Amino acid sequence: MIKRIVVVGSGVMGRGIAYVGALGGYSVTLVDINETALQNAKDEIESIFDKGIKYGKISADAVKNASQKLGYENDLTKAAGNADLIIEAVPEMASIKKQVFEEIEKHASKECYFATNTSTMSPTEIASFGKRPTKTIAMHFFNPVHKMPLVEIVKGLETSDETVEVIREVAVRMGKETVVINEFPGFITRRISALVGNEAFFMLQEGLGTPEEIDKAIKLGLNYPMGPFELGDLVGLDTRLNNLKYLHEKLGEKYRPAPLLEQYVKAGRLGRKSGKGVYDYALEEELVRK
């Protein structure tokens with residue numbers, strides 16, 4: 001049923017979704033109004049393809065086929081008209097998502113399904129920005145998309161069972177495991193992750209230990225693949241803060257952001273994408289350039 005997928009937003013999540021979509025055999029168009037961001041996404045996707053071949057994760061033929069199915073576009077209006085499924089992957093701000101959904105509603109066919117890659121926000125609210133609540137759902141991918149095996153599929157109030165099954169099949173074809181859950185702020189994984197990441201900042205604020213010590217304790221003591229600060233820097237501390245603010249508003253005091261996290265974001269220490277977060281990545285970037 002689904003042949004052509006449009007992914008809106010070429011950031012870390014959008015480019016990852018486009019990558020796994022093309023590998024899954026779908027014709028994928030990655031859309032972003034920012035030409036530089038779109039080119040950066042294309043470069044990174046090609047780099048992931050190259051590394052996959054180098055380390056024997058994927059074949060050269062698979063890469064060739066996937067590359068031929070990937071397109072890049074600045075004009076959402078043009079792309080939306082040909083889509084069977086549109087996956088929105090813009091920042092976690094209702095105002096931005098609203099703009100995207102209002103635009104795609106104007107130009108997508110009536111048969112097209114809408115998905116939002118949100119980790120905390122209500123798919124019911126997001127569906128209200130368009131006019132097809134039965135065909136709107138949340139697909140919560142994880143970062144990095146090409147490595148993380150799970151997609152949380154989150155039903156809105158009016159999401160149909162048929163839509164759930166269509167989207168589940170899409171995720172499986174992308175090589176993902178799925179869980180299907182009902183809407184509630186933060187879903188399953190984000191509520192737990194937000195608590196752990198925020199508590200780590202309170203520990204750092206209190207002088208309990210260094211970031212390295214706290215990350216090591218969580219990884220080795222609780223068998224987490226990444227420490228909370230490593231993960232926060234990867235996802236973006238601004239993204240983590242926005243998630244916590246939303247959960248604090250919806251679920252109460254236990255999600256109040258740590259003041260130190262807010263200070264880091266105000267200082268522009270956003271993580272890997274800014275070159276410095278909890279950790280400093282300047283030296284790492286310099287080695288990559290060399």
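Being more than 30 Å from D50 (Cα to Cα) and without any contact (Cβ under 8 Å) to a residue 40 or more places away in the chain narrows it down to one residue among V151, V180, V166, V172; which is it? None of the other options fit; the residue is V180. For D280, the stated conditions do not hold, so it cannot be described as over 26 Å from M121 (Cβ atoms), at pLDDT 95 or above, open to solvent by less than 20 Å² (accessible area, probe 1.4 Å) and under 24 Å from the mean Cα position of the chain (by Cα). Checking each residue in segment 134-148 for being modelled with pLDDT of 95 or more and surrounded by fewer than 20 Cβ atoms within 10 Å (Cβ to Cβ) picks out only T134.
The lone criterion from (1) part of a loop (DSSP other than H, G, I, E, B); (2) modelled with pLDDT under 95 left unmet by S95 is number (1).
When segment 54-92 is filtered for residues that are assigned to a helix (DSSP H, G or I) and among the β-branched types (V, I, T), the ones remaining, listed by number, are V63, T77.
Note on segment 38-59: among residues that are polar (S, T, N, Q) and under 22 Å from the mean Cα position of the chain (by Cα), the one that is least open to solvent (accessible area, probe 1.4 Å) is S47. Listed by first and then second residue, the pairs linking a residue in segment 70-96 that is among the polar types (S, T, N, Q) and open to solvent by 30 Å² or more (accessible area, probe 1.4 Å) to a residue that is at pLDDT 95 or above and in a helix (DSSP H, G or I), with Cβ atoms under 6 Å apart and 6 or more places separating them unless they lie on different chains, are T77/H107. With respect to the conditions (1) in a helix (DSSP H, G or I); (2) within 21 Å of S109 (Cβ to Cβ); (3) among the hydrophobic types (A, V, I, L, M, F, W, C), V28 lacks only one, and its number is (1). For segment 97-127, a residue qualifies if it is within 18 Å of E249 (Cβ to Cβ) and free of Cβ contacts under 8 Å to residues at least 40 places away in the same chain, and the qualifying residues are K97, K98, T118, E125, I126. Scanning segment 98-123 for residues that are hydroxyl-bearing (S, T, Y), in contact with a Pro (Cβ under 9 Å, 6 or more places away or on another chain) and at pLDDT below 95 yields T120, S122. Every condition in (1) surrounded by 18 or more Cβ atoms within 10 Å (Cβ to Cβ); (2) more than 17 Å from the chain's Cα centre (by Cα) is met by E125 except one, and the failing one is (1).
The values are calculated or read from the model by the stated rules, or taken from the named source; none is laboratory data. Keep in mind it's a predicted model, so treat the numbers as computed, not measured. Please note: Cβ atoms are built from the backbone with ideal geometry, for glycine as well, and neighbour counts cover all protein chains shown. These accessible areas exclude ligands, DNA and RNA; they are computed on the full protein's heavy atoms, side chains included. Shrake-Rupley method; radii C 1.70, N 1.55, O 1.52, S 1.80 Å.
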